[in-house]
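Throughout, read-outs are computed from the coordinates displayed, never taken from laboratory work. The structure displayed is predicted, hence computed values, not measured ones. Quick reminder, even Gly has a Cβ in these numbers, built from the backbone with ideal geometry, and neighbours come from all protein chains shown.
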Number of protein chains: 2
Amino acid sequence: MEKFKYPDINPLRIEMSDECQVYKGLEGICVKESRICYIDGKGSRLYYRGYNIMDLVEHSKYEEVVYLLLFGELPSREELESFERKLASKRRLPDGLRGLIRSLPKDSDPMDFLRTTVSAMSLFDDGGDETEKGIGLIAKAPVMLAEFHRYRSGLEPLEPREELSQAGNFLYMMFGKVPEGSEERVMDRAFLLLADHGLCASTFASLVTASTLADIYASITTAIGTLAGPLHGGANLQVLKMLEEVGSPDRAESYVEGMLKSGKRIWGFGHRVYKNFDPRYRAFKRMAREMAELRGRMDLFETAEKVEEAALKRLAHKNIYPNVDFYSGLVYYFLGIPQDLAITMFAISRMAGWVAHILEYWEQNRLIRPKAKYVGELDKKYVPIEER
Amino acid sequence: MEKFKYPDINPLRIEMSDECQVYKGLEGICVKESRICYIDGKGSRLYYRGYNIMDLVEHSKYEEVVYLLLFGELPSREELESFERKLASKRRLPDGLRGLIRSLPKDSDPMDFLRTTVSAMSLFDDGGDETEKGIGLIAKAPVMLAEFHRYRSGLEPLEPREELSQAGNFLYMMFGKVPEGSEERVMDRAFLLLADHGLCASTFASLVTASTLADIYASITTAIGTLAGPLHGGANLQVLKMLEEVGSPDRAESYVEGMLKSGKRIWGFGHRVYKNFDPRYRAFKRMAREMAELRGRMDLFETAEKVEEAALKRLAHKNIYPNVDFYSGLVYYFLGIPQDLAITMFAISRMAGWVAHILEYWEQNRLIRPKAKYVGELDKKYVPIEER
């Protein structure tokens, strides 16, 4: 048998790939079709599966919206009840995972904590297909966070309660008492409003991981790691810090003027897609007012509102409007959630959207693999170290 | 003061963004410029920072190549010695991390293990800038893997030894004895050959995470999760399984013929970029032969070579040639590395390239955020659950 010979290579000629245009940040490039979320940035409208978010926040609830995002249609009563039972039954954390949480430093950064715990979930997986695992992550993420809160605060761990909603169980496990109906409803709407927002950087990153057919744990771990970046999540925490600095409503004008004059930004303002107000901002604002009244802290709400007005006067002509972060931090604050958990609240809400986008991508999977344009040198001569 | 009024919204008109072409998998799209790696797919050449990989594998060593990838130039002797001391000094795992490793199931999937442990590194971080942390990850990744191997095998943990090279220390910590020079050299070249390969899916995914200014731990965690996908890493394990199935050199022809006739693939063949042999394949083949002689297992090497020849006869006309995976699994096998650690070997080698690409991206950072084209419905009417 004749031995195979490889094709000859021209030793003098390096083949350069064709010139290609570089799309920095991939801005404007479409990577896939989607039926999950539409953002009308000029019209201040956000749709989940074709339903306006303002209809959903008024009439629906988080569990129903998760079902809608994952499966594309609003559930019948029977489907919803079955789905709620499934979520409730998947809340309990595996013992091994609870042990692992207790092996982490109490001062762990909450997002680093959540990323590590979600990654470790794959090691304690109890089977099922990727959809089941995804639903498990949606069910367990708030439980993990509450477990972490109690552990680092030196509080006894609690068992999840199956008769409570996702929102109700989360508040119960955080604070050790079943929440008032009004609190649960606010938490529920806060989860719902952040459940998806199209192809943000964390969602896109999770699709790159998923596109290699890595599993849902790897893909969601990627999403959490990406959300933690200051250019993505995290502004809601800054808004609260800003309101503390302002201190009272009458100081809002001079604070905003001072900040803008010295070239600093007003946190919670501006968005890459919205060229008018962010519809979620309106919903969060209503909830912040409601909770401020309940807590007797209208002073804080009014400070926020005065900052908003002062900033709008000066920024609206540049199409810079308040975004979802402006009042969401305040809502979490009134619910008693520690300020440093703000980005993790975003993460546990968005879990639903991440899972939905990953499952949708797998329906027509294609490895995501753009190119880099090589602009360096070639065929450099290796000089031995003694001659350098 | 007059209250701000938001611009009016046309309640009857949803603004759809402009039509956009969908680039599935982002194939052919350039996302950035790079000076790190060039692959000449027609000419079977791979360059790190302009140096041909075949020169590097012959004359250089892993630590020097890591320096080259990270800093762009070959080091002077003084720079190299200082860098080697730094790597050696960063090998020791924090106690908390060692405790965490021991809280994981012994039958953990090795890639899930590595992803979780690298993610947890951020919780036990000892400071320094992102470059220092990246060098720490390069130094520690093989140590983590060896620690895992010993833990799951019920062996006593070992302390890293600063006087050994990265390759030498890894083999020492795996097997409890300082390796022979020939073994160390093979391990060193295996690390070097896989240290980078341009913008593969895991490297790109890590850049999406990094582009939000998330930290290096989050970014590398993303890379590991992405590498685990069957469409990306993992073929080297399959090659070994295939050789076991073949059994002996004389059965190679009929095995390959049978596989191809029944429409199955030959593992370790084919690559998206190389349209001729993969240059790393040649280097790994030489090392596999060398190790086979050392171990008295030329039968296994010859089986591989016969499978290679039989497959080439039938596949080369379709531009399908052996890739890096074809002999790398065999090299690991001869080094005594358990077969199920094959993808993690890839990961700990590639750590250098991941860190280099992330640091390069941050020099001109831009949030990576392509779009999805919305093809679903809009303005669906919310129907109360009792009417569904």
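Using alpha carbons only, how many degrees (0 to 90, rounded to 10) separate the axis of helix B:62-71 from the longest principal axis of chain B? Once rounded, the angle reads 30 degrees. Inter-copy label distances for residue B:293: 8.7 nm (label point placed 7 Å from Cα along Cα→Cβ; shortest first). Distance from the Cα centroid of segment A:53-112 to that of segment B:205-254 is 31 Å (rounded to whole angstrom). In this structure, the amide hydrogen of residue B:371, modeled 1.01 Å from its nitrogen in the peptide plane, lies closer than 5 angstrom to those of A:28, A:29, A:30, A:31, counting only residues at least 5 positions away or on a different chain. Residues in segment B:149-162 carry Karplus couplings, in order, of 4, 5, 4, 6, 8, x, 9, 4, x, 10, 8, x, 10, 6 Hz; the curve used is 6.51 cos²θ - 1.76 cosθ + 1.60 with θ = phi - 60°, and Gly or Pro positions show x. Counting from the shortest, the label point at residue B:377, 7 Å from Cα toward Cβ, is 6.2 nm from the same position in each remaining copy.
Computed from backbone phi with θ = phi - 60° and the Karplus coefficients 6.51, -1.76 and 1.60, the 3J(HN,Hα) list for segment B:106-122 is 5, 9, 4, 4, x, 6, 4, 4, 5, 4, 5, 5, 5, 4, 5, 3, 5 Hz; x is used for glycine and proline. For segment B:235-334, the relative contact order works out to 46 percent when only alpha carbon pairs closer than 8 Å and six or more residues apart are counted. In segment A:210-248, whose amide N lies under 16 Å from the spot 7 Å out along Cα-to-Cβ of residue A:339? List them in ranges. Under 16 Å, as judged by backbone N against the label point of residue A:339, lie A:234-248 of segment A:210-248.
Highest mobility in the GNM of chain B, judged by mean-square fluctuation with C-alpha springs under 10 Å and restricted to B:261, B:373, B:318, is found for B:373. Taking the DSSP beta bridges with both ends in the protein assembly as shown, the antiparallel portion is around 60 percent. Mind pulling the angle between the C-alpha long axis of helix A:77-89 and the longest principal axis of chain A? Nearest 10 degrees, somewhere in 0 to 90. The angle comes out near 80 degrees. For segment B:262-271, 3J(HN,Hα) computed residue by residue from phi via the Karplus equation (6.51, -1.76, 1.60; θ = phi - 60°) reads 8, x, 8, 9, 9, 5, x, 10, x, 7 Hz, glycine and proline entered as x. Mind running the shape call on segment A:235-334? Use the C-alpha gyration tensor, a ≥ b ≥ c as the square roots of the eigenvalues: rounded below 1.5 for a/c, prolate if a/b tops b/c, oblate otherwise. Here segment A:235-334 falls in the oblate category. Distance distribution P(r), chain B, all Cα-Cα pairs, bin width 20 angstrom from 0: 25, 52, 18, 5, 0 percent.
In chain A, helices alone account for a calculated mean residue ellipticity at 222 nm of -17000 deg cm²/dmol, with every DSSP H run of four or more residues adding -39,500 (n - 2.57). Classify segment A:124-281 as rounded, prolate or oblate, taking a ≥ b ≥ c as the square roots of the eigenvalues of its Cα gyration tensor: rounded when a/c is under 1.5, otherwise prolate if a/b is larger than b/c and oblate if not. Judged from the Cα gyration tensor, segment A:124-281 comes out oblate (a/c at least 1.5, b/c at or above a/b).
The H on the amide N of residue B:46, modeled in the peptide plane, is under 5 Å from the matching H of B:40, B:53, B:54, each at least 5 residues off or on a different chain.
Find the relative contact order for chain A and round it to a whole percent, using C-alpha pairs within less than 8 Å whose residues are 6+ positions apart.
Values: 482 pairs, mean separation 83.5, N = 388.
Answer for chain A is 22 percent.
The value of relative contact order for segment A:199-273, using C-alpha pairs under 8 Å at least six residues apart, is 24 percent. Available extension along the chain between residue B:257 and residue B:182 is 23.4 nm, counting 0.36 nm per residue and deducting the alpha carbon span. Could you calculate the FRET efficiency of residue A:131 with residue B:89 from 1/(1 + (r/R0)^6), where r is the beta carbon distance between them and R0 is 41 Å, rounded to 0.05? Once the sixth-power term is evaluated, E becomes 0.30. Could you check the spin-label model distance between residue A:35 and residue A:82? Points 7 Å from the Cα along Cα→Cβ, value in nm. Roughly 2.0 nm, to one decimal.
Distance between the pseudo-spin-label points of residue B:58 and residue A:388 (7 Å out from Cα toward the beta carbon): 1.9 nm.
Taking the average, over residues, of other Cβ atoms within 10 Å as the packing measure, peptides A:295-304, A:194-203, A:20-29, A:132-141 rank A:194-203, A:132-141, A:295-304, A:20-29 from highest down.
Across peptide B:191-203, the average count of Cβ atoms from other chains found within 10 Å of a residue's Cβ is 2.
Between the helical axis of B:342-363 and the longest alpha-carbon principal axis of chain B there is an angle of about 50 degrees.
From the Cα gyration tensor of the protein assembly as shown, with a ≥ b ≥ c the square roots of its eigenvalues, which class applies: rounded if a/c is under 1.5, or else prolate if a/b is larger than b/c, or else oblate? Here the protein assembly as shown falls in the prolate category. Computed over chain B with a Gaussian network model linking Cα atoms closer than 10 Å, the most mobile of B:242, B:259, B:174 is B:259.
Inter-chain Cβ neighbour count for B:286-294, averaged per residue, equals 0 (cutoff 10 Å, partner chain atoms only). Full extension of the chain between residue A:20 and residue A:362 gives 120.3 nm of extra length, using 0.36 nm per residue less the Cα-Cα distance.
The mean count of C-beta atoms from other chains within 10 Å of the C-beta of residues in B:32-45, rounded to a whole number, is 6. Computed over chain B with a Gaussian network model linking Cα atoms closer than 10 Å, the most mobile of B:226, B:209, B:131 is B:131. Averaging over all projection directions, the Cα-based convex hull of segment B:34-134 occupies 9.0 nm² in the image plane.
Residue B:76 label point (Cα plus 7 Å toward Cβ) to equivalent points in the other copies: 7.9 nm, shortest first.
For a footprinting-style exposure proxy, rank B:175, B:284, A:71, A:269 by other Cβ within 10 Å, fewest first.
Ordered from fewest to most neighbouring Cβ atoms within 10 Å, B:175, B:284, A:71, A:269 come out as A:71, B:175, A:269, B:284.
Simple spin-label estimate for residue B:272 and residue B:102 gives 4.2 nm between the two label positions (7 Å along the Cα-to-Cβ direction from each Cα). Checked against a 20 Å cut-off, the cross-linked pairs A:61/B:381; A:106/A:177; A:241/A:285; A:373/B:86; A:106/A:241 give Cα-Cα distances beyond that limit for A:106/A:177; A:373/B:86; A:106/A:241.
Close amide H contacts of residue A:269 (hydrogens built in the peptide plane, cut-off under 5 Å, sequence separation of 5 or more or a different chain): A:323.
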